[in-house]
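J.: Below is a structure I'd like to ask you about.
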Amino acid sequence: MTISRESRPKASNECGERDEAAGARALAPALALCRQEGIALTPSRRRILEILALEGRPLGAYEMIDRVAETTGKRPAPISIYRALDFLLENGLVHRLASCNAYLACGHGHAAEEPIVFLICETCGDVVEATSEDLRGSLAELAARAEFAPRATVMEVAGRCRLCAGA
Ligand SMILES: [Zn+2]
Ligand SMILES: [Zn+2]
């Protein structure tokens with residue numbers, strides 16, 4: 001079982017200044033994947049990815065518009081945000097959480113068809129991305145039996161994280 005917790009560096013201070021070094025660190029695994037796969041990150045796609053990577057928790061599209069406005073001083077049109085998100089989703093750089101209609105950066109560089117389980121804490125909102133060899137095997141078998149070709153496998157498990165369960 002692979003459990004990976006995204007680190008959550010503080011995104012910005014009160015006047016909206018960003019810590020460049022933290023941004024670069026949060027983005028490092030994603031940028032390595034882009035180089036390896038030849039994924040072209042335009043400045044606007046990179047900005048969206050950086051906002052999500054720094055946030056370390058799921059953000060809705062409208063929260064992202066606010067963040068872009070804070071950084072650039074210009075309010076982007078929702079369509080441009082959705083276009084950038086579609087591109088990042090397609091390339092496995094971000095994931096979408098259907099239950100809360102929000103997006104989360106993935107710093108793990110796994111294949112897009114890899115099954116993913118999100119463990120979502122309903123108390124503190126913490127989200128952990130996990131997967132396992134066994135899960136991959138059983139899901140592949142299940143799909144094969146149904147003669148179904150899966151495109152993406154994302155599961156969401158709601159509950160309480162260790163910290164909240166102990167509180
Ligand atoms: Zn992922
Ligand atoms: Zn929690």
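Read-outs: derived from the displayed coordinates by stated rules, not from any lab. Only a predicted model underlies this, so the values are computations on that prediction, with no experimental measurement involved. All Cβ positions, even for glycine, are placed from backbone atoms using ideal geometry, and neighbour counts span all protein chains on display.
J.: In the range 140-167, which residues are more than 16 Å from ligand 2 (Cβ to nearest atom), surrounded by fewer than 13 Cβ atoms within 10 Å (Cβ to Cβ) and touching a residue at least 12 places away in the same chain (Cβ under 8 Å)?
T.: The initial filter retains those residues of the range 140-167 that are more than 16 Å from ligand 2 (Cβ to nearest atom), namely 140-155.
Retained after the next criterion (residues that are surrounded by fewer than 13 Cβ atoms within 10 Å (Cβ to Cβ)): 141-142, 144-149, 151.
If the condition is that a residue be more than 16 Å from ligand 2 (Cβ to nearest atom), surrounded by fewer than 13 Cβ atoms within 10 Å (Cβ to Cβ) and touching a residue at least 12 places away in the same chain (Cβ under 8 Å), then 151 is the only one that fits.
J.: In the set 147, 156, 129, which member is over 22 Å from residue 31 (Cα atoms), touching a Phe, Trp or Tyr at 6+ places or on another chain (Cβ under 7 Å) and not in a helix (DSSP H, G or I)?
T.: On the way: 147 fails: touching a Phe, Trp or Tyr at 6+ places or on another chain (Cβ under 7 Å); 129 fails: over 22 Å from residue 31 (Cα atoms).
Just a single option satisfies the conditions, and that option is 156.
J.: Right, here's the next one. I want to confirm something. Restricting to the range 104-132 and keeping residues that are exposed (fewer than 15 other Cβ atoms within 10 Å of the Cβ) and within 16 Å of ligand 2 (Cβ to nearest atom), which single residue is nearest to the chain's Cα centre (by Cα)?
T.: Ranking the qualifying residues of the range 104-132, first place goes to 125.
J.: Tally up the residues in the range 70-101 that are touching a residue at least 40 places away in the same chain (Cβ under 8 Å), among the aliphatic types (A, V, I, L, M) and either over 28 Å from residue 140 (Cβ atoms) or within 16 Å of ligand 2 (Cβ to nearest atom) (or both), please. Please lay out each step first, then the result.
T.: Of the range 70-101, the ones touching a residue at least 40 places away in the same chain (Cβ under 8 Å) are 70-71, 84, 87-88, 91-101.
Still in the running and among the aliphatic types (A, V, I, L, M): 84, 88, 93-94, 97-98.
Adding the requirement that they be either over 28 Å from residue 140 (Cβ atoms) or within 16 Å of ligand 2 (Cβ to nearest atom) (or both) leaves 84, 97.
Matching residues across the range 70-101 total 2.
J.: Looking only at the range 138-167, filter to residues that are touching a strand residue (DSSP E or B) at 6+ places or on another chain (Cβ under 8 Å) and within 16 Å of ligand 1 (Cβ to nearest atom); which one of those is farthest from residue 95 (Cα to Cα)?
T.: 157
J.: Residues that are closer than 20 Å to residue 126 by Cβ: find the helices (runs of 4 or more DSSP H) completely inside the range 35-111 holding 1 or more of those.
T.: On the way: elements: 43-55, 61-72, 78-90.
In the range 35-111, the matching helices (runs of 4 or more DSSP H) lie at 43-55, 61-72.
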